[in-house]
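Below is one structure, written out as structure tokens; comments come after it.
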2 protein chains.
Amino acid sequence: MTAATERLLTPGEVANLFRVDPKTVTRWATAGRIGSIRTPGGHRRFRETEVKALLSELTTEATEPVRH
Amino acid sequence: MTAATERLLTPGEVANLFRVDPKTVTRWATAGRIGSIRTPGGHRRFRETEVKALLSELTTEATEPVRH
DNA sequence: TGTTACTCGGGTAATTGGGGCG
DNA sequence: GGTGTCCCAATTACCCGAGTAA
């Protein structure tokens, strides 16, 4: 099959990227805001590319210069 | 390849650094004076490096020596 | 096989966002 | 123009015990 296995991230890793609680990442998955893959044991894993893409979309750079 | 792991700060933490109300930090983000990263839920996070840099830029040292 | 760290669940406090007002 | 404050709705953080991952 096609794709070389894509790198998966744990809830804790995703939580570190967004500076939120791992529980919060779980809620995002439950709410359908982010795709998730479940292990046979019930734990969630997330696609790194999807997470990074989400980060980029939600990132806004400063536009106004600093006034001294 | 954008930077992956950068330490992020919550609005409350940034507010403590500047000694202002968290709402004020939100206004800075809205006005484009500071970059922000939003969670899928709508909350904001700020890059620590950017915040610290902003603090430094806006800091002015005394220029005249103390008279005795 | 056993150890350690993490992630399930749920439930309840604490922050945050947004609008409007002085 | 910029900031602090009050309102309310939504999102997020910390508590627990039990199960999974490596």
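The values are calculated or read from the model by the stated rules, or taken from the named source; none is laboratory data. Please read all numbers here as calculations on a predicted model, not as lab measurements. Every residue, glycine among them, receives a Cβ derived from its backbone with ideal geometry; neighbour counts consider all protein chains shown. Accessible surface is based on the protein model in full, side chains and every heavy atom, while ligands, DNA and RNA are left aside. Shrake-Rupley method; radii C 1.70, N 1.55, O 1.52, S 1.80 Å.
Brief remarks on what is shown
- First in the range A:37-55 and without any contact (Cβ under 8 Å) to a residue 24 or more places away in the chain, second anywhere and open to solvent by 50 Å² or more (accessible area, probe 1.4 Å), Cβ under 7 Å, 6 or more apart: A:T39/A:R45
Residues checked against (1) more than 10 Å from chain A (Cβ to nearest Cβ); (2) within 27 Å of A:A29 (Cα to Cα); (3) outside any loop (DSSP other than H, G, I, E, B):
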site	(1), (2), (3)
B:V14	yes, no, yes
B:T26	yes, yes, yes
B:R33	no, no, no
B:G41	no, yes, no
B:E50	no, no, yes
B:L54	no, no, yes
B:T60	no, no, no
B:E64	yes, no, no
B:R67	yes, no, no
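- Qualifying residue in the range A:33-42 (condition: more than 15 Å from DNA strand C (Cβ to nearest atom) and β-branched (V, I, T)): no
- When the test is whether a residue is modelled with pLDDT of 95 or more, open to solvent by 50 Å² or more (accessible area, probe 1.4 Å), out of contact with any Leu (no Cβ under 7 Å at 6 or more places or on another chain) and not small (G, A, S), A:R33 passes it.
- When residues of the range B:44-58 are limited to those that are surrounded by fewer than 15 Cβ atoms within 10 Å (Cβ to Cβ) and within 15 Å of DNA strand D (Cβ to nearest atom), the one farthest from B:E6 (Cα to Cα): B:L58
- Exclusive hit being farther than 23 Å from B:E6 by Cα, among the hydrophobic types (A, V, I, L, M, F, W, C), within 11 Å of DNA strand D (Cβ to nearest atom) and without any contact (Cβ under 8 Å) to a residue 60 or more places away in the chain, set A:A31, A:A15: A:A31
- Filter result for A:P40 (modelled with pLDDT of 95 or more and exposed (fewer than 13 other Cβ atoms within 10 Å of the Cβ)): yes
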